[in-house]
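None of the figures in this text is laboratory data; all of them are computed from the coordinates on show. Just so it is clear, the model here is predicted, and its values are computed rather than measured. Using ideal geometry, Cβ is built from the backbone for each residue, glycine included, and neighbour counts are taken over all protein chains shown.
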Amino acid sequence: VTKNSSLIGTTWEKSKVKKDEKVDLIKFIRNNKETSKPPRTKIREGDILLLHGNVDTLIAMQEKYGLEIYARSRMDDKKISSNDIKLIEVLIPPRSRLAGHTLQNFGFFRRFKCVVLAVQRRGKIIRDRVAEIHLENGDTLLLQADKGDLPRLLKSSDLIVTNELTELYVRKDKVIIALFLFLAVVTLTVFNIIPILAAALIGAVGMVVSRCLTIEEAYEAIDWKIIFMLGGILPLGLAMEQSGTALWLVNTIMAPFTDCGPLVVLALLYLITAILTELMSNNAAAVIIAPIGLSIAASMDVDPRPFLVAITFAASTSFATPIGYQTNTMIHAPGGYRFMDYTRVGGPLNLIFWALAVCLIPILWPF
């Protein structure tokens, strides 16, 4: 702020800049110290205002308001993300306190010490007056933050860090090798030459051995939360399957209902299979229940196909837990979901599928 500035004696909150220009105040520095209440502090000569806005607008403001662009060092686009300054993408999740508020009203910079560079909403990117936009669930924010301030973002339940944007280092001499390994994994899997697990493992090892990836990069890519969750819960499903507990439970539950008619039995077979498939693999659930369905159909002298179709469909409806199916597990950590989020959304979906199956299967595959 120069001595001839028209802003001297006014606060940022009441200044013409805030009302007329598409810029946001990020920091207010006086005597090398950041002020605690920048919008309400009266501006003096020599104050430094850190602003976010269009470059042309900032240049035009120099003459209009008696300002001088001040920078200790020049920064180009390639250096905007360095070892100490990071570009971060964050998502506003459901139940976030940010929803319905502006960045300014929420005190975003005061809480997180991050600068919001842009907002993406339903495919549209907003760069002007971002501090005055009323945020919504699902908005993606592009932030610039000091490395030391990242823990605040990671701990906050109001934001989900989806990506840290760093400069991309392309190992051009390894592109052909990486492409070959990728195609090899896809080919081995598509043509059922080897299981997908073995193919993926071969591809991962090949990437490290060929130095397309370093061991450190490969290690950092592992999501340990998922590893520990699977390591703790999947053995439960295996234990139920191999010990015969699952089979005993099914027989115990089904025994009183075998005289209630095939429709009731079909509904129970579907329900039991849907529950088991949330705790073990789809194949295992179907393999355990299918023989029981065949046995009951024979004892009731009805066509077994409706029972088998119900079991097959039920084994594929793994919606209510993060371990029910591979894709559920894949999005569990990156999406910031909790276990009960799956149950809250997937549970009702399972019930809808159950009702539809009980109504439609006997029509399409009569007993």
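If I take R0 = 51 Å and measure r between the Cβ atoms of residue 122 and residue 300 in this structure, what FRET efficiency does the formula 1/(1 + (r/R0)^6) give, to the nearest 0.05?
Details: r = 53 Å, r/R0 = 1.05.
Efficiency for this residue pair is about 0.45.
Which distance in nm do the two modelled labels at residue 172 and residue 154 give, with both placed 7 Å along the Cα-to-Cβ direction?
3.4 nm
Return the subset of 64/124; 19/124; 27/86; 22/64; 27/113 for which the Cα-Cα distance in this structure is over 21 Å, preserving the input order. Intermediate values should be presented prior to the final figure.
Numbers: 64/124 31 Å; 19/124 24 Å; 27/86 18 Å; 22/64 14 Å; 27/113 10 Å.
Going by Cα-Cα distance, 64/124; 19/124 fall outside the 21 Å limit.
Once you place label points 7 Å from the Cα toward the Cβ at residue 227 and residue 264, how far apart are they in nm?
It works out to 5.0 nm between the two label points.
Among 136, 216, what is the fewest-to-most ranking by other Cβ atoms within 10 Å?
Values: 136 14, 216 8.
With the sparsest Cβ surroundings first, the list reads 216, 136.
Once a ≥ b ≥ c are taken as the square roots of the eigenvalues of the Cα gyration tensor of region 172-222, is the result rounded (a/c under 1.5), prolate (a/b larger than b/c) or oblate (a/b not larger than b/c)? It would help to have the intermediate numbers written out before the result.
Values: a/c = 3.04, a/b = 1.47, b/c = 2.06.
In terms of gyration-tensor shape, oblate.
Based on the Cβ-Cβ distance of residue 190 and residue 248, what FRET efficiency does E = 1/(1 + (r/R0)^6) give at R0 = 35 Å, to the nearest 0.05?
Details: r = 39 Å, r/R0 = 1.12.
For residue 190 and residue 248, the calculated efficiency is 0.35.
Would you list 48, 227, 160 from fewest to most Cβ contacts within 10 Å?
Values: 48 14, 227 10, 160 19.
Fewest-to-most ranking of 48, 227, 160: 227, 48, 160.
Quick check on the exposure proxy: order 337, 65 from fewest to most C-beta atoms within 10 angstrom.
Details: 337 16, 65 19.
Listed from fewest to most nearby Cβ atoms, that is 337, 65.
For the pair residue 210 and residue 183, how long in nm is the line joining their label points, each one 7 Å along Cα→Cβ?
For residue 210 paired with residue 183, the spin-label model returns 1.0 nm.
Any idea how far the Cα center of region 299-320 sits from the one of region 344-367, in Å?
Cα centres, region 299-320 to region 344-367: 10 Å.
Take the Cα of residue 30, step 7 Å along the line toward its Cβ, and report every residue of region 1-19 whose backbone nitrogen sits under 14 Å from that point.
Counting backbone N atoms under 14 Å from the label point, the list is 1, 8-13.
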